[in-house]
1. Please specify each residue of region 152-176 satisfying the condition of being among the small types (Gly, Ala, Ser) and over 22 Å from Trp109 (Cβ atoms).
2. Is there a residue being in a loop (DSSP other than H, G, I, E, B), assigned by TED's automatic domain parsing to the domain that holds Ala206 and surrounded by fewer than 21 Cβ atoms within 10 Å (Cβ to Cβ) anywhere in region 223-235?
3. Being surrounded by 12 or more Cβ atoms within 10 Å (Cβ to Cβ), touching a residue at least 40 places away in the same chain (Cβ under 8 Å), part of a helix (DSSP H, G or I) and not acidic (Asp, Glu): is that true of Ala106 here?
4. For region 121-179, give me the residue count where each residue is under 16 Å from the mean Cα position of the chain (by Cα) and either hydroxyl-bearing (Ser, Thr, Tyr) or part of a helix (DSSP H, G or I) (or both).
5. So which of Glu201, Glu219 ends up being assigned to a helix (DSSP H, G or I), surrounded by fewer than 20 Cβ atoms within 10 Å (Cβ to Cβ) and acidic (Asp, Glu)?
6. Within region 162-171, can one find any residue that is closer than 25 Å to Glu266 by Cβ, buried (at least 16 other Cβ atoms within 10 Å of the Cβ), assigned by TED's automatic domain parsing to the domain that holds Leu257 and in contact with a Cys (Cβ under 6 Å, 6 or more places away or on another chain)?
7. May I ask you to list the residues in region 111-149 that are crowded, with 17+ Cβ neighbours inside 10 Å and touching an Asp or Glu at 6+ places or on another chain (Cβ under 7 Å)?
8. If we keep just the residues of region 83-103 that are modelled with pLDDT of 80 or more and among the polar types (S, T, N, Q), which is farthest from Ile124 (Cα to Cα)?
Amino acid sequence: MSPQRLPPLNALRAFAAAARHLSFTRAAEELHVTQAAVSHQVKALEESLGVPLFRRGTRSIHLTEAGQRYARRVREAFQILQEATDTLRDQCQAGRLVVSTMTSFAARWLIPRLGDFLAAHPDIELRLETGMSCADLLGGEADVAVRMGPGPYDGLHAEMLLRDEVFPVCAPSLLTGDHPLRTPADLAHHVLLQDAGLSWEVWLRAAGVDLAAVGLDPERGPGFVDSTMSVQAAVAGHGVLLGRTVLVADELAEGRLVAPFDLAIESNFAYWFLCAPDRFGSPRVRAFHRWLTRQTATACLARPISRILPASQEGGVIFNAQHSARPGPWS
């Protein structure tokens, strides 16, 4: 049959759906058209082919022998078209994987570890996009997002990667000197670096510090909106920072920061892997997901603090109300 004599594509789609469901009504629901439209398309196809494809009963339809043979070949043809379309889309994207995440997470944790992923997957062209707001994953702005937030995220494929712990960190030089850090109450003699959204008061009360007795104002001290800057200030010895495990892991491992007290509070927010449900089957998304879950599992094993209080036990939220009320994933 020449291309000019092929039946219309819509008629073939209507026939394939009706053959699969053995129902014009259910085929219409699948195709988002009326039952009459499906019936008309199938009737026109039968007239074009010159052979009945269905036996119609009062309340049911059944494929004729010719209809069964034709349905099988039409189904195979649609599968070939789908495979060709998927292959072309993958080739046109040239292996690109767009990952959306927070600037602080990218700079302090993700980028130092990315070399391992890139070496293992040289065919994947990674594009990293950072910002406070999450990309529109359902709209295709990014393939994957790694975000921090309370969850859950309706409509998305969402997996919790890990929860952070929050605890004081400082440069090693602050452990000694005129006001050595031996107990949490000693923080009254030091500058408290304020990382936006984190509550010093919650941690201090959990540590048993009587703020009034020691004259400690938990909100006093230089503030930073960007966690990268606050970590740099702590490394430089400008004060004591309420740090997050993920964002200070490398500095602790290298000895540029230390944790003077063995007490952490589990964050009431978590890091999440997010993507559109139909993107999770992509080989590139799967590869990044496998690598990321291995990396975060390793991070969970390398906890620097042994005494960790759950967020519900410490009597407050470690992230303050201004940020906790913020809708959607954030950092």
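The values are calculated or read from the model by the stated rules, or taken from the named source; none is laboratory data. Since the model is a prediction, treat every value here as computed from it, not as a measurement. Note that each Cβ is placed from the backbone with ideal geometry, even for glycine, and that neighbours are counted across all protein chains shown.
1. So the first thing to find is which residues in region 152-176 are among the small types (Gly, Ala, Ser), and the list is 155, 158, 171, 173.
Correct list: Gly155, Ser173.
2. Looking for residues that are in a loop (DSSP other than H, G, I, E, B), assigned by TED's automatic domain parsing to the domain that holds Ala206 and surrounded by fewer than 21 Cβ atoms within 10 Å (Cβ to Cβ), one finds at least one in region 223-235, hence yes.
3. For Ala106, the condition - surrounded by 12 or more Cβ atoms within 10 Å (Cβ to Cβ), touching a residue at least 40 places away in the same chain (Cβ under 8 Å), part of a helix (DSSP H, G or I) and not acidic (Asp, Glu) - is not met.
4. The qualifying residues number 3.
5. On the way: Glu219 fails: assigned to a helix (DSSP H, G or I).
None of the others qualify; the one that does is Glu201.
6. Yes, the conditions are met somewhere in region 162-171.
7. Ala135, Ala142
8. So in region 83-103, the residues modelled with pLDDT of 80 or more come out as 95-103.
Narrowing further to those that are among the polar types (S, T, N, Q): 100-101, 103.
Details: Ser100: 16, Thr101: 18, Thr103: 22 Å.
My answer is Thr103.
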